[in-house]
Amino acid sequence: MIDREPVVVTGIGLVTALGTGTGAWQNLLDGRCAIGPVRSFDTARHAAHVGAEIANFTPPADAAQFGRATGFALGAARHALADAGLARAEVDALRGGVTIGTTSGEPAFVERLEDSRAAGAASAEASADLAMHYPSHLLAARVARDAGFLGPAMTIPTACAAGNHAIAAAAGLLRSGRADVMLAGGADAFSRITFTGFARLGAIAPEYCQPFDRHRKGMVPGEGAAMLLLERAGHARRRGARIYAEVAGCGLSCDAYHMTGGDPSGDGAVRAMHGALADAGLSPGDVSYVSAHGTGTPVNDRLEAIALTRVFGSGGGGIPASSIKSMIGHAMGAASAIEAVACVLATVHDVVPPTIHYETPDPECSLDCVPNAAREYRVGIAMNNAYGFGGNNASVIFRKWEA
Amino acid sequence: MRRRVGITGAGLVSPVADSPAVLVEAMASGRSGTRLMPFDPARDLGGRNTRPLDRLSQLVAAATARALIDAACDADYRAAHGVGLALGTVFSSVGTICAFDRRAIEVGPQYVSPLDFANTVLNAAAGQAAIWHGLRGANATIAAGGASGLQAIAYAADLIASGAIDAMVAGGADERSPEALAAIADAGLGDASGGTPLGEAAAMVVLEAEETARARGAQIRAMILGQASGMAHIPGASVDASLTARVARAALDEAGVRDVDARITAGAVFAIVGDTLGATGALQIVAGLETLRAQAHVRTVLVETTTADGHGCAIVMGAPPGAS
């Protein structure tokens, strides 16, 4: 399918532990690390103590009661719309839509309810908030309302592959003509529940995150949001929009193997990559950059290297494959949306962000992970890979825009 | 070239019906209930360890089992073809998520079960059902408020039409967890305010590309002719009638029909099983399928779910080609 009208990215919004917008991008290229001691709750009884939290985030004034992830999403969406220069009068509100991926939505409302129960009795106010603010569709609904969009709006909670799922769904809605513009991305908030679970899995690193390193010790939970404004190329041209990159293809699959562990053969990840390549009409040799899922756990990185080798050849075909989770931690459902923005900007600026804290090569992960320093070269095709609980695999390919 | 999409099977778990025919009979007779009869997972999931699945996951796995059997989509076919799954839900496994956090508070975070943590992600039921049935295609959980179940079916139909996948099980589910019941009452929603009581159900259908369904000899029960979804201007205490009309009109336009022979509204489901949240739209689709089967003069059905939370979705179904 290469004769169809391209779906393109015309606006991006980032809310990350390394800042927002172009500042965040520069920090990623500079290899800065946002990981530090957890501040939002006491980790004394946990087996792990570091996270990548966003400091000093101020949600939009009218959104404070909606929850932290919604605040991130609204912030990122407003950035993306402004970046795209999209005025409300330029788009038919009925044909503007929203898709947002998330792992946990707004788990703080569960935590408040359980805190009140532990303190004596479940608070009726906290319980009511569970109905008013917890259901995850509200992420998309509130972003749609804020943008003035009245077209299709849905949250796609598919764990840590959710950002890519949301971008794929938005591209599908644009291709089928159900919408003219889509805000697509992901959002998740740092959460006690998530941290507790990963700590009990023994998955959290003691100090920092070093994907693909021989001595890697785990992932680091993070948070944030990214939203991309997508539209068909003709729509973008007609309104004179700047085009960043094309969403060239998407591939989705499920391991159907284990809730939290990947298929040891890498089969699901391979099928998602092949699906995205076929959708884009590309061959593995066309890919110039892979944004790896790269969580930094011993098992996940090894399985990812197996999958990349199956698709691209020995050593992942020598294609640069870095993980920005080494810098901003794992922002859960937002992670692949943030990484999608990194892929887009890599194609725009011909530079890819590094994997930091890389010290010792691992023969089981013999990839070029762009160790410790950003690299400048021509980035024509960037593949964004994401894997999540439930066996979800999602690959999205971005193509440099050369009009 | 977009492909035509049909429905080849349906399965449901609900308080008043465990088959499409009984569901429509209950709708006609006004028989109602909001609480599942004691649900026996062994009936559909027997012979294997169901412990990793929480109750919502068991309901989804059971409804999926019934839909796959109805569609004669067996394990060999599923293993050879990447069949996907799309599940609409509002609350996911909120009771399980609360219980995980509660236990971490009570006994300490160092003692909670990693197995329980796997079920705290909002897509746990979809993931567990995929593992249970070997569904290796795209796996999506779709949250679109009261329209979640219908939106999940619309999402799956579009994915198949695009050529990305040949077959998906799609539908919706929500359960009457103590936490959801209390939350709705405390928020002054549901029957506390004279509205629809919270119900529970799971309903799934098997969607397939017409060409691949025919190639494997499957019987197509209905075609998806059109769909549309959108948001209300301002969500409120009541349904936005202009949204209902807008999505219905857009779905009819896509289907290329001016009117339909039958309409199945969310209210028809509410009347017999209460507000089953994510399951509502999927139950409507199941009722629409049965109506097409049982009533020869009904050739087209409009299913529309528009809820006070501001989400709306509509699907137009038609009798399969060649049926009379």
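Values quoted throughout were computed directly from the atomic coordinates according to the rules given, and no laboratory measurement underlies them. Quick caveat: nothing in here was measured; it's all calculated off a predicted structure. Glycine gets a Cβ as well: all are built from the backbone with ideal geometry, and neighbour counts include every protein chain shown.
With all projection directions averaged, the alpha carbon convex hull of the range A:233-343 covers 8.1 nm².
Could you calculate the contour length gain from residue B:22 to residue B:191, that is, 0.36 nm times the residue separation minus the distance between their Cα atoms, to one decimal place in nm? Mind dumping the intermediate values first?
Values: separation 169, 0.36 × 169 = 60.84 nm, distance 2.54 nm.
Full extension from residue B:22 to residue B:191 adds 58.3 nm.
Separation of the range B:128-158 from the range A:253-296 is 20 Å, based on Cα centroids. The ellipsoid equivalent to the alpha-carbon distribution of the range B:240-309 has semi-axes of 20, 18, 8 angstrom, derived from the gyration tensor eigenvalues as √(5λ) and listed largest first. For the range A:1-111, the equivalent ellipsoid built from the Cα gyration tensor has semi-axes of 31, 19, 15 Å, listed from largest to smallest.
Can you list the GluC sites (Glu not before Pro) in the range A:276-378 that are in a DSSP coil and have 11 or fewer other beta carbons within 10 angstrom?
Values: sites: A:304, A:339, A:359, A:364, A:376; in loops: A:359.
Here the GluC sites (Glu not before Pro) that fit, given the DSSP loop and packing criteria, are A:359.
For the range B:1-142, the equivalent ellipsoid derived from the alpha-carbon gyration tensor has semi-axes of 28, 21, 14 Å in decreasing order. Summing -39500 (n - 2.57) over the DSSP H runs of n ≥ 4 in chain A and dividing by its residue number, what mean residue ellipticity at 222 nm do you reach, to the nearest 500 deg cm²/dmol? Value at 222 nm, helices only, nearest 500: -10000 deg cm²/dmol. Each label was represented as a point 7 Å from its Cα along the Cα-to-Cβ direction; for residue A:372 and residue B:294 these points are 7.2 nm apart. About its Cα centre, the dipole of the range A:1-116 is roughly 140 debye, where the only charges are +1 on Lys and Arg Cβ and -1 on Asp and Glu Cβ. The distance between label points at residue B:1 and residue A:116 comes to 5.8 nm (points 7 Å beyond Cα on the Cα→Cβ vector). For the pair residue A:45 and residue A:364 in one chain, pulling the backbone fully straight at 0.36 nm per residue adds 111.5 nm over the alpha carbon distance. One quarter of the surface of the convex hull around the alpha-carbon atoms of the range B:76-212 equals 9.8 nm², the direction-averaged projected area.
May I ask for the Rg/Rh ratio of the range A:297-342, computed from Cα atoms with Rh as the Kirkwood radius, given to two decimals?
Working: Rg = 11.8 Å, Rh = 11.7 Å.
Here the Rg-to-Rh quotient is 1.01.
Spherically averaged projected area of the convex hull of Cα atoms, the protein assembly as shown: 27.6 nm². Computed over all pairs of different Cα atoms, the Kirkwood value for the hydrodynamic radius of chain B is 19.5 Å.
Considering every alpha-carbon pair of the range B:16-89, the percent of pairs per 10 Å bin, from zero through the bin containing the longest distance, is 15, 41, 35, 9, 0. Summarising the label geometry, the points placed 7 Å from Cα in the beta-carbon direction at residue B:249 and residue B:42 lie 5.6 nm from one another. A Cα-only calculation for the range A:286-403 places Rg and Dmax at 13.1, 42 Å.
Rounded to the nearest 20 debye, the dipole size of the protein assembly as shown about its Cα centre is 720 debye, using +1 on the Cβ of Lys and Arg and -1 on the Cβ of Asp and Glu. Restricting the calculation to Cα atoms, every distinct pair contributes to the Kirkwood radius of the range A:52-146, found to be 14.9 Å.
Can you divide the C-alpha Rg of chain A by 2.2 N^0.38 Å and report the result to two decimal places?
Working: Rg = 19.6 Å, N = 403, 2.2 N^0.38 = 21.5 Å.
Rg over 2.2 N^0.38 Å, computed on Cα atoms: 0.91.
In the elastic network of chain B, a GNM with C-alpha springs shorter than 10 Å, the most mobile of B:61, B:182, B:255 is B:182.
Based on the Cβ-Cβ distance of residue B:261 and residue A:57, what FRET efficiency does E = 1/(1 + (r/R0)^6) give at R0 = 56 Å, to the nearest 0.05? All intermediate terms of the calculation are to be shown ahead of the outcome.
Values: r = 53 Å, r/R0 = 0.95.
Efficiency at R0 = 56 Å is approximately 0.55.
The alpha carbon centroids of the range B:5-74 and the range A:43-122 are separated by 35 Å. One Cα centroid belongs to the range B:179-220, the other to the range B:99-127; the line between them spans 25 Å. From a point 7 Å beyond the Cα of residue A:215 in the direction of its Cβ, which residues of the range A:337-378 have a backbone N at a distance under 20 Å? Zone members listed by number: A:355-367, A:369-373. Our helix-only sum for chain B, with -39,500 (n - 2.57) per DSSP H run of n ≥ 4 divided by its residues, gives a mean residue ellipticity at 222 nm of -12000 deg cm²/dmol.
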